[in-house]
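Trainee: Can you keep this structure in mind? I'll have questions shortly.
The values are calculated or read from the model by the stated rules, or taken from the named source; none is laboratory data. Keep in mind that what you see is a predicted model, and the values were worked out from it rather than measured. Note: ideal-geometry Cβ built from the backbone for every residue, glycine included; neighbour counts use all protein chains shown.
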Amino acid sequence: MSAFIGENPAGTWTLTITDQSPGGAGTLNGWQMTTKGCTCNTAQASAPVRVDEHPGPDVVSNFNGVFETGESVLVETSWMNPGTTPLFLVGTAQNFTGPAGPAYAILDPGATYGTIAPQGVGNCHDDGTSCFTLQITGTRPAQHWDATFDEHMDLIAAPTSDAPPPVHTWTLHVGESFPDVPTSNQFYRFVETVFHNGVTGGCATPPDYCPADPALRKQMAVFVLKAKEGSGYTPPPAVGIFNDVPASDPFAPWIEELFHRGVVAGCGAPGGPNYCPNDPVLRQQMAVFLLKTLLGSTYVPPACVGIFADVPCSNSFSTWIEDLFNRSIAAGCGGSNFCPANPNTRGQMAPFLTKTFGLLLYGP
């Protein structure tokens, strides 16, 4: 009867009976099927999900928001109540695993979420009384390393729910992916986030990230499109729009897609149309790259009011820079300045991409 799950009970049904016993015989005198709709007052995995941010029982960590080997960390998951009656949830962690080699341990398998109001979200740390404590020990098995665990939920004090208790598999990224981006680096968590989301796999000298290198205009095309569209996105083939970016260039499809979207028009170099793919992206240019990719070529930012001392409203990039500031994506370069003509480094680009496109390191 499991084949009926999810089917619409309304309409005309035909029942076919097959006798699978050899030589079997019998008579069907009548049949009846009763369908019962599900109130579906169950829970759905939700955000926020926080890892290694708070102390707890058996927790030994640096609280930098990234799961690293040798740590025992608090894993704070969230669930949403999509129904019309309150839910009280209790979760159990099972099957904590990952690539072979390291040891994956569940030190505290229980989490509670309190009573979640209809259409509300409950987090085990913010609203409950306990969260999971997990630990990984051993040698790194791969540069991009994710572990997973299953959370089995019990729906308590939810008398109107006839849906089965939910199960969700949570993915936990393990940090220290790049030897040249240690945990002490100010951009460490952001670099781990763009790497986990497939925005970049590092620089030309693997397994490094090269955080101090300038982000080039050709690299920026890949960064913003993958950050917006996902790691699996592939742009259409290039046709050769820019004189300095032949269609055979591996960056050409990404650059030309940005051109077609109205994000870039080139660099204005003589003998154009040119893109200047190997030039660094300046901070003022970065503001346009990010916001036009996010919001479309027709987007017009609010008028300039004069936030930064080195970005007067006469600067053609001023409205984009101030919009980026007002969205809490960029805070300037120190003091009351923005340093608009400075090149962006690959390290600086990681938080810009993360904040602009809402990239998550840990999520449902």
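Trainee: Residue under question is Asp162, and the condition is that it be at pLDDT below 95 and touching a Cys at 6+ places or on another chain (Cβ under 7 Å); does it hold?
Mentor: Judged against the criteria, Asp162 is a match.
Trainee: For Val245, are the conditions met, namely being without any contact (Cβ under 8 Å) to a residue 60 or more places away in the chain, closer than 21 Å to Ile329 by Cβ and crowded, with 19+ Cβ neighbours inside 10 Å?
Mentor: For Val245, the condition - without any contact (Cβ under 8 Å) to a residue 60 or more places away in the chain, closer than 21 Å to Ile329 by Cβ and crowded, with 19+ Cβ neighbours inside 10 Å - is not met.
Trainee: Ser314 fails exactly one of the following numbered conditions: (1) of a type outside the set (Lys, Arg); (2) without any contact (Cβ under 8 Å) to a residue 40 or more places away in the chain; (3) buried (at least 21 other Cβ atoms within 10 Å of the Cβ). What is the number of that condition?
Mentor: (3)
Trainee: Any idea which of Ala265, Ala269 is in contact with a Cys (Cβ under 6 Å, 6 or more places away or on another chain), at pLDDT below 95 and among the small types (Gly, Ala, Ser)?
Mentor: Values: Ala265 fails: in contact with a Cys (Cβ under 6 Å, 6 or more places away or on another chain).
That would be Ala269, the only listed residue that is in contact with a Cys (Cβ under 6 Å, 6 or more places away or on another chain), at pLDDT below 95 and among the small types (Gly, Ala, Ser).
Okay, residues lined up against (1) buried (at least 19 other Cβ atoms within 10 Å of the Cβ); (2) touching a residue at least 24 places away in the same chain (Cβ under 8 Å):
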| site | (1), (2) |
| --- | --- |
| Pro182 | no, no |
| Thr193 | yes, yes |
| Asn197 | yes, yes |
| Cys203 | no, yes |
| Pro214 | yes, yes |
| Lys218 | yes, yes |
| Phe223 | yes, yes |
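Trainee: Which of the residues spanning region 166-190 are of a type in the set (Val, Ile, Thr) and under 23 Å from Ser46 (Cβ atoms)?
Mentor: Val167, Thr169, Thr171, Val174
Trainee: Name the residue that is nearest to Gly198 (Cα to Cα), counting only residues in region 217-259 that are assigned to a loop (DSSP other than H, G, I, E, B) and among the charged types (D, E, K, R).
Mentor: Of the residues in region 217-259, the ones assigned to a loop (DSSP other than H, G, I, E, B) are 230-241, 243-244, 246-251.
Remaining after also requiring among the charged types (D, E, K, R): 244, 249.
Working: Asp244: 27, Asp249: 21 Å.
Checked region 217-259; the qualifying residue nearest to Gly198 (Cα to Cα) is Asp249.
Trainee: Given the condition over 20 Å from Val222 (Cβ atoms) and assigned to a helix (DSSP H, G or I), answer yes or no: does some residue in region 281-299 qualify?
Mentor: Kept after step one, since they are over 20 Å from Val222 (Cβ atoms), are these residues of region 281-299: 284, 298-299.
If we keep only those that are assigned to a helix (DSSP H, G or I) too, we end up with 284.
Yes, because at least one residue in region 281-299 is over 20 Å from Val222 (Cβ atoms) and assigned to a helix (DSSP H, G or I).
Trainee: Please go through region 131-157 and give me each residue that is out of contact with any Phe, Trp or Tyr (no Cβ under 7 Å at 6 or more places or on another chain), small (Gly, Ala, Ser) and modelled with pLDDT under 95, ordered by number.
Mentor: Of everything in region 131-157, nothing turns out to be out of contact with any Phe, Trp or Tyr (no Cβ under 7 Å at 6 or more places or on another chain), small (Gly, Ala, Ser) and modelled with pLDDT under 95.
Trainee: Can you name every residue in region 86-142 that is in contact with a Cys (Cβ under 9 Å, 6 or more places away or on another chain) and either among the aromatic types (Phe, Trp, Tyr) or closer than 17 Å to His54 by Cα (or both)?
Mentor: If the condition is that a residue be in contact with a Cys (Cβ under 9 Å, 6 or more places away or on another chain) and either among the aromatic types (Phe, Trp, Tyr) or closer than 17 Å to His54 by Cα (or both), then Asp108, Gly110, Ala111, Thr112, Tyr113, Asn123, Cys124, His125, Ser130, Cys131, Phe132 are the ones that fit.
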